[in-house]
Amino acid sequence: MHYTDYDTRLAAYAVITDDTGHVLLALWNEGSRRQWTLPGGGVELHESVEQGVVREVKEESGYDVELGDLLGVDTYVIGPERRLNGSGRPMKAVRALFAARVVGGELTHERDGSTDEARWISVHEVGGLDRVSVVDIGLRMAGLR
């Protein structure tokens with residue numbers, strides 16, 4: 001399929017851990033059910049990938065972060081029947097995942113956004129959560145799985 005025949009969504013996510021073995025997750029509310037995800041999301045047209053992830057983390061968690069290494073890039077295809085916007089077109093999701101650390105701010109929950117809550121969760125408890133695939137991908141890329 002030619003690239004003009006499908007949509008592409010560029011997103012960026014942060015894997016943020018603390019010294020006690022916890023990872024910062026956000027509760028995503030836009031799917032068919034609420035699921036945990038890494039803080040992050042769609043990169044705006046005027047932003048770099050790095051600017052997008054820093055903004056998204058701030059919106060979803062209240063934290064200011066400093067980015068570390070690019071952990072990797074993940075892609076997958078969403079069929080037209082699974083699109084949330086009803087466009088009828090398939091979409092290729094391109095997700096850049098970064099290591100990051102908190103440098104300021106205060107844990108707060110996003111209001112009127114794509115997430116309801118941000119929480120530090122033990123890496124060992126993540127396997128028991130209802131979560132989106134980017135959580136496992138990010139933890140694996142960060143060497144935490």
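Every read-out reported here was derived from the displayed coordinates using simple, explicitly stated rules and does not represent laboratory data. Here the structure is a predicted model, which is why all the values come from computation and not from measurement. Neighbour counts run over all protein chains shown; Cβ positions are idealised from the backbone, glycine included.
Among G79, G40, G62, whose mean-square fluctuation peaks in a Gaussian network model of the chain (Cα, cutoff 10 Å)? So, out of G79, G40, G62, the one fluctuating most is G79. In order along segment 7-21, the Karplus-derived 3J(HN,Hα) couplings, from 6.51 cos²θ - 1.76 cosθ + 1.60 at θ = phi - 60°, round to 8, 10, 10, 9, 9, 9, 10, 10, 9, 10, 10, 10, 6, 9, x Hz, and Gly and Pro are given as x. Applying both filters, DSSP loop and at most 10 other Cβ atoms within 10 Å, to the trypsin sites (Lys or Arg not before Pro) of segment 1-107 gives R33. Computed over the chain with a Gaussian network model linking Cα atoms closer than 10 Å, the most mobile of L71, L38, L97 is L71.
With a Förster radius of 30 Å applied to the beta-carbon distance between D112 and H2, the computed FRET efficiency rounds to 0.20. Using C-alpha pairs below 8 Å separated by at least 6 residues, the relative contact order for the chain is 33 percent. Assuming charge only on the beta carbon of Lys and Arg (+1) and of Asp and Glu (-1), the dipole of the chain about its Cα centre is about 540 debye to the nearest 20.
Taking the charge dipole of the chain about its Cα centre, with +1 at Lys and Arg Cβ atoms and -1 at Asp and Glu Cβ atoms, the residue from Y3, F98, T20 reaching farthest to the positive side is Y3. Along its principal axes, the chain has C-alpha extents of 46, 32, 32 angstrom, given from the largest down.
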